[in-house]
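Just so it is clear, none of the values below were taken in a lab; they were calculated from the coordinates. In this text the structure is predicted, and so the values were computed from the model without any measurement. Note: ideal-geometry Cβ built from the backbone for every residue, glycine included; neighbour counts use all protein chains shown.
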């Protein structure tokens with residue numbers, strides 16, 4: 001086929017395709033999905049979500065089962081949103097003997113009605129040094145929150161939690177504002193640290209929370225005792241709120257939006273790779289069966305009937321249970337059964353095409369079977385294969401999601417089916433964590449709808465042309 005003919009055919013197809021509104025909707029969603037996959041590193045809020053999805057340490061600073069941040073719009077009492085504070089104001093003072101005092105100040109603008117759940121400070125440490133954390137409140141009061149001495153570090157992460165490490169200091173702070181009788185009912189272990197730090201200073205602050213809004217300065221100091229040995233780097237602070245991100249978090253504190261973005265590429269890979277290979281096999285199988293006919297056709301149709309009668313989902317479940325679950329193993333298993341989808345339609349078309357005059361002429365001139373099949377028959381059936389491919393993508397995505405939902409998916413990657421499986425295991429519906437179930441379910445439906453729209457539109461345009469050949 002010449003390039004000019006290809007260009008003309010493509011132009012003719014597009015002029016008809018753009019009249020199909022459902023096809024244009026499907027194409028727009030597909031293009032948007034591809035762009036999300038391409039720019040995934042920029043879109044992901046948690047950059048290592050792909051490799052550390054099941055790492056407890058990576059998500060430990062989040063709150064468990066937190067609703068999406070936008071739910072604040074529907075609540076009178078605004079909750080603090082989980083934010084990460086980076087790029088602090090830093091100051092290094094050199095003292096006698098080469099000792100350095102490194103000070104990092106993080107500004108946090110607090111505007112919520114509910115206190116954060118925790119404030120967590122991180123930095124990478126080397127050597128030996130004491131660390132001290134303090135907060136300067138909007139009312140000018142300074143609370144020394146925590147201090148510790150780090151030893152023998154060689155690049156480990158230092159994690160200081162206000163809720164765990166600052167309880168004794170905060171309890172000491174409220175002693176100057178509460179009566180001894182009021183404090184008898186409380187201890188440092190029973191108080192929520194953040195409810196005191198972000199509370200208005202007054203009598204009764206231990207029992208009632210009234211938010212003190214304004215700018216908070218969290219100050220982290222490290223006294224670097226040994227020059228060239230004691231060092232700190234990459235300081236940052238996480239304010240853990242009771243609402244988080246675009247789609248909230250699950251019971252394991254994982255950001256659901258990051259999981260859905262990370263799972264998009266696997267949905268496309270599973271759907272497109274499975275459908276492309278299976279449709280290619282099915283098209284060639286149908287053409288060969290129709291072209292040779294006779295005993296060859298009978299044997300091939302017998303094999304087709306056997307494979308087509310096998311229930312796919314139980315086979316996938318058994319294969320995943322016996323062998324180590326792998327995404328490519330699932331794709332291979334689906335291809336072994338999906339190829340039957342286009343066989344009969346292609347065979348019926350090929351039976352008509354092989355009776356055409358130019359096919360008889362090619363045989364009379366001594367053309368080889370392979371030349372007739374690939375030169376004269378395959379090009380006519382390629383358009384149908386594209387439509388069939390688009391229609392088979394949703395099935396592949398749904399089957400993989402079903403296997404993952406049963407806990408038999410590839411645990412080394414993030415897929416929408418696995419997110420739903422974790423939601424089922426975590427009793428998300430019973431706990432009311434709808435944001436753990438609804439978004440992945442909707443995305444599976446939307447992705448299936450996208451390729452269904454494309455497939456129906458392409459079939460509507462291309463199929464009538466094939467029947468008139």
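Observations
- Computed from Cα positions, the angle between helix 21-38 and the longest principal axis of the chain comes to roughly 50 degrees.
- Degrees between helix 327-338 axis and first principal axis of the chain (Cα, 0 to 90, nearest 10): 30
- Whole-number percent relative contact order across the chain, with pairs defined as alpha carbons under 8 Å at least 6 apart: 21
- R0 of 51 Å, Cβ-Cβ distance residue 111-residue 156: FRET efficiency to nearest 0.05: 0.90
- Fully extended contour minus Cα-Cα distance, from residue 438 to residue 374, at 0.36 nm per residue: 18.4 nm
- Available extension along the chain between residue 144 and residue 449 is 104.1 nm, counting 0.36 nm per residue and deducting the alpha carbon span.
- Dividing the summed helix terms, -39500 (n - 2.57) for each DSSP H run of n ≥ 4, by the number of residues in the chain produces a 222 nm estimate of -15500 deg cm²/dmol to the nearest 500.
- Two-site FRET efficiency, residue 176 against residue 229, from Cβ-Cβ distance with R₀ of 35 Å, rounded to 0.05: 0.30
- The mean sequence distance of close C-alpha pairs (under 8 Å, at least 6 residues apart), as a share of the length of region 75-240, puts its relative contact order at 39 percent.
- Gyration tensor verdict on region 75-240 (Cα atoms; rounded if a/c is under 1.5, prolate if a/b is larger than b/c, oblate otherwise): prolate
- Calculated FRET efficiency, residue 101 to residue 431, Cβ-Cβ distance, R0 = 41 Å: about 0.30 to the nearest 0.05.
- Crossing angle, helix 294-308 versus the chain [Cα axis fit, 0-90 degrees, rounded to tens]: 20
- Extended-chain gain in nm, criterion 0.36 nm per residue less alpha-carbon gap, residue 303 and residue 251: 13.9 nm
- Ranked for footprinting exposure by Cβ neighbours inside 10 Å, fewest first, 300, 349 give 300, 349.
- Once both labels are positioned 7 Å from their Cα atoms along Cα-to-Cβ, the gap between residue 32 and residue 361 label points is 5.0 nm.
- Placing pseudo-labels 7 Å out from each Cα toward the beta carbon at residue 75 and residue 93 gives an inter-label distance of 4.0 nm.
- Cα gyration tensor shape for region 285-396, rounded if a/c is under 1.5, else prolate or oblate: prolate
- Relative contact order [Cα under 8 Å, 6+ residues apart], region 33-169, whole percent: 17
- Rough spin-label spacing in nm, given labels placed 7 Å along Cα→Cβ, for residue 332 and residue 22: 3.7
- The candidate values are [x] 34.1; [y] 32.3; [z] 42.6; the one derived from this structure for mean projected area of the Cα convex hull in nm² carries the label [y].
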